[in-house]
Amino acid sequence: MKRKDTLGFALKTLDNLFFRNMFAYETRQKGVDEVTVMHGWILGFLYENDGRDIFQKDIEAEFSIVKSTVTSIVKLMEKKGYICRESVEEDGRLKKLVLTEKGRRTHEQHIGYLDILEERCKRGITPEEIEMFLAVVGKLKQNLEEDIANSYSQAHSSKKK
C-alpha cells in the first residue's frame, strides 16, 4: 500500500490543511490573539464546560493526549494569561482549570473563524456524507482507544509475572 493511500496520511494532511487554512484566515484579521491550535481547542473545551470543574485529566481524555503534554500546554497557557489553576474545596491538592477573561475573549474571537472554516470545509458535501464521515472517524477512534487500552493491560499483566 502506498503511503498516500493510508488513513494516517490522509488524516494528517487534512489536519495540516485545516489549520493552515484557519491561520491564513486569522492572520488577515486585526486584533486577534495568535494561539496554537491545541490552545484554541482547550480554550473552547473550557468555554463549553463553564460552571463545571475541569482538571488536567479531563483535557487528557478529551483530546487523547498524554499527561506530560497536557502539563506543558497548561503551564504555557497559564503563563500567557489564558487560564489559571484554582484549588478545589474538597481537596486543596487538586487544581481545576479556569478560563481567565483574556482566555474567554480570545476564544470568542476565534470561534467565529472556526465556524467560517467549518462551513467552507463542508462545501459540496451533503449532511448524510458528513454524518457518515463522523461515524467512521468515531469507529477509527474507538479502535485505536481499544488497542491502547489492550496494550496497557498486557504491559501491566506481563510485569506482574
Placed amide H near ILE54: partners under 5 Å, 5+ positions off or other chain: LEU97
Entries in LYS95/LYS141; LYS80/LYS102; LYS12/LYS79; LYS12/LYS102; LYS12/LYS67 that, when Cα-Cα distance is taken, lie over 20 Å: LYS95/LYS141; LYS12/LYS79; LYS12/LYS102; LYS12/LYS67
Kirkwood Rh (inverse of mean 1/r, distinct Cα pairs), the stretch 37-80, angstrom: 10.6
Cα→Cβ-extended label distance, 7 Å offset, between PHE55 and ILE116, nm: 3.9
Solvent-accessible area per residue for the chain (1.4 angstrom probe, square angstrom): 73
Formal net charge of residues neighbouring PHE45 (Cβ-Cβ distance under 11 Å; K, R +1; D, E -1): -3
Loop sites in the stretch 45-91: trypsin sites (Lys or Arg not before Pro), DSSP, at most 13 other Cβ within 10 Å: ARG52
Accessible-area ranking of ILE83, ILE125, largest first, probe 1.4 Å: ILE125, ILE83
The stretch 71-159: chymotrypsin sites (Phe, Trp or Tyr not before Pro) in DSSP coil with no more than 15 other Cβ atoms inside 10 Å: none
Rounded percent of accessible protein surface that carbon and sulfur make up, the chain, 1.4 Å probe: 55
Theoretical FRET efficiency, 1/(1+(r/R0)^6), r = Cβ-Cβ of MET1 and PHE133, R0 25 Å, to 0.05: 0.75
Distant-in-sequence amide H partners of ILE83 (H built 1.01 Å from N, under 5 Å): GLU78, THR100
Solvent-free Debye scattering, log10 I(q)/I(0), computed from the Cα coordinates of the stretch 80-141 at q = 0.12, 0.18, 0.22 Å⁻¹: -0.60, -0.81, -0.87
Dipole in debye (nearest 20) - the chain, about Cα centre, beta carbon charges: Lys, Arg +1; Asp, Glu -1: 880
ARG85-THR13 FRET efficiency (beta carbon distance; Förster radius 30 Å; 0.05 resolution): 0.25
Rg in Å to one decimal, and Dmax rounded to a whole Å, for the chain via C-alpha atoms: 18.7, 61
Relative contact order, percent, the chain [alpha-carbon distance under 8 Å, six or more residues apart]: 20
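The values are calculated or read from the model by the stated rules, or taken from the named source; none is laboratory data. Quick caveat, the model's predicted, so the values are computed rather than measured. With ideal geometry, Cβ positions are generated from the backbone for all residues, glycine too; neighbour counts draw on all protein chains shown. Quick note on the areas: whole protein, heavy atoms, side chains included, nothing else; ligands and nucleic acids left out. Shrake-Rupley method; radii C 1.70, N 1.55, O 1.52, S 1.80 Å.
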